[in-house]
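In what follows, a single structure is set out as structure tokens and then discussed.
Every number in this text was worked out from the coordinates using simple rules, so none of it is lab data. In this text, all values refer to a predicted model and were calculated from it rather than measured experimentally. Cβ: placed from backbone, ideal geometry, glycine included. Neighbour counts: every protein chain shown.
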Amino acid sequence: MITSPRLHPLAMTINGQPVQAQVPARRMLSDFLRDDLHLTGTKRGCETGACGACTVIVNGRPLKSCLSLAVQHDGARIQTVEGLADGEQLHPLQASFERCGGLQCGYCTPGMLMSACALLDRTPKPSAEQVRQELSGNLCRCTGYTQIVESVLDAAGATHGN
Amino acid sequence: MVDFEWLTPTSVAEACRLATEYGDDARFMAGGTALMLALRQRLVSPRALISLAGLPELKGLNWDDANGLRIGAFTLQDELARHPAVARHYPMLAHLARHMANPQVRHQGTIGGNLCYGDPSTDPPTGLLVWDAEVEIANAQASRRLPLRDFLVDYFTTALAPDELLVAVHLPPPPPDTRGRYARHMRTAAEHRPLVAVATMARVAEGQCSELRLAVGASSVVPRRLSGAEAVLTGRAPTTALVAEAADTAAHELDALDDARGSAEFRRAMVRVTVRRELTALFELPDPT
């Protein structure tokens, strides 16, 4: 006999908006954001916690959304890449990634932006070494990282990119 | 991933009662970083997950001068890395925590979850052994304390009974004149599971080492203190020759794993070189290499 899984009610604040939903316990946070809420900026990469493409900010902490269940975050405040820009006005990090060439194929970019955003919220003027440390959970197979680090430093007003 | 019940107790007693009721069909979930991978690969398919996020007893990272440090089991790895009391009294542990896994995992993974998983290649068990850590364990009726070395029973196996959970880790205040180090040896720079992990703590005054504690992880089924190597330097003035002797002794007394990640012989060789380098740096001796 096939029974439908029990649904759990969730109430969250996502990118400043209240969201209510019902999910089975097994729904991963990454799938909840993409498939249920259609916030497809958050990418599924390795789905094993290695690549960081699915990084979102939960209650101020950057997390890999493929490594947790949506039900773990009932009541949480979540920021995804869709919440960075203010209308047509890019977030300073998005503007600096564009200006400094901090992306090529773009697949890792939402995760890079969210990790960088969490870093700058905590450490507004990081050193290049701190940027490298805090982005070490995000893999990029195109850029070689140099321009990503420059983009983050540029957004922090610490230096000018190429 | 097969669906499961999601249980959200609000006390240790309630969580333990649920564990008793469900037995092997349930798993506790703290941060969930390791459990999620096992669920996704269907290495485990529990009927229920018992969330530990709502248990106030498991929260908090507190220092006091008499009792030392209490690390609540739900303490995030990132909290251990950044707490001022950890940086002040156990700088080696702060360093260890700052370099665990990657930033996102440190914001989700907990110290208690790490210890209960029993993976010998992760950092906390090895690092905590040299600070004489004790674990506080509870079931629905009572709690007990035991040394961390007795908690780490075997490969991915702890002393927890099915109805018990880890509440906190306790570290006594460090003795005076202590210094500590922690290092991992990776086969390649891109790896994040070390082949060898070495934690050291020594008391040094007026050129004499009155006590040395040395733990090796990742190369045996559980991280262990190596008492033979410790004895080589205890009560002596450290020299390059004694450090080399201690490193040889450590390599010899290690009950080395022999698996696809490294043969027992290779692991012993890497334990020897890592211990020698770590003790050389710990005692500020000239590097002979």
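Kirkwood radius for segment B:57-171, taken over all pairs of different Cα atoms as the inverse mean of 1/r, rounds to 14.1 Å.
Going by C-beta contacts inside 10 Å, put B:160, A:67 in order with the fewest on the left. List each step's numbers first, then the result.
On the way: B:160 19, A:67 27.
Ranked by crowding around the Cβ, least crowded first: B:160, A:67.
DSSP beta bridges in chain B, what fraction antiparallel, as a percent rounded to 5?
About 85 percent, rounded to the nearest 5.
Cross-link partners for residue A:43 among the aspartates and glutamates, with Cα-Cα distance under 20 Å and sequence neighbours closer than 8 places in the same chain left out: A:31, A:35, A:82, A:98, A:134.
From helices alone, chain A scores -7000 deg cm²/dmol at 222 nm; the rule is -39500 (n - 2.57) for each run of n ≥ 4 DSSP H residues, then divide by the residue total.
Inverting the mean 1/r over all pairs of different Cα atoms, compute the Kirkwood radius of segment A:7-83 and quote it in Å.
Hydrodynamic radius (Kirkwood, Cα only) of segment A:7-83 equals 12.1 Å.
Taking A:91, A:38, A:73 in turn, the Gaussian network model of chain A (Cα-Cα springs below 10 Å) assigns the largest fluctuation to A:38. Just so you know, the Cα atoms of chain B work out to an Rg and Dmax of 19.4, 62 Å.
For segment A:99-142, the convex hull spanned by the alpha carbon atoms encloses 82 Å³ per residue. Candidate cross-link partners of residue B:59 among the lysines, defined by an alpha-carbon separation under 29 Å and a same-chain spacing of 8 or more, comprise A:64. Sorted ascending by nearby beta carbons within 10 Å, beginning with the fewest, B:131, B:63 become B:63, B:131.
Here is the size of the protein assembly as shown from its Cα atoms: Rg then Dmax, 23.2, 75 Å. Taken over chain A, the percentage of Cα pairs per 10 Å bin, counting from 0 up to the bin with the maximum distance, is 11, 40, 32, 13, 3, 1, 0. Normalised by 2.2 N^0.38 Å, with N the number of residues, the alpha-carbon radius of gyration of segment B:135-189 equals 1.55.
With θ taken as phi - 60° and the Karplus curve 6.51 cos²θ - 1.76 cosθ + 1.60 applied, the whole-hertz 3J(HN,Hα) list for segment B:131-142 is 9, 6, 5, 10, 10, 9, 10, 9, 10, 5, 9, 8 Hz, x standing for glycine and proline. Between amide H atoms placed 1.01 Å from N, distances below 5 Å from residue B:236 occur with B:209, all of them 5 or more places distant or on a separate chain. Rounded to the nearest whole angstrom, the semi-axes of the ellipsoid equivalent to segment B:5-51, taken from the Cα gyration tensor as √(5λ), stand at 19, 12, 7, largest first.
Given +1 at the Cβ of Lys and Arg, -1 at the Cβ of Asp and Glu and no other charges, the dipole of segment B:179-282 around its Cα centre is 320 debye to the nearest 20. Here the mean projected area of the convex hull built on the C-alpha positions of segment B:130-289 is 10.7 nm².
Neighbour counts of other Cβ atoms within 10 Å put A:64, A:43, B:59 in the fewest-to-most order B:59, A:43, A:64.
What is the ratio of the Cα radius of gyration of segment B:217-268 to 2.2 N^0.38 Å, where N is its residue count, to two decimals?
Rg over 2.2 N^0.38 Å, computed on Cα atoms: 1.25.
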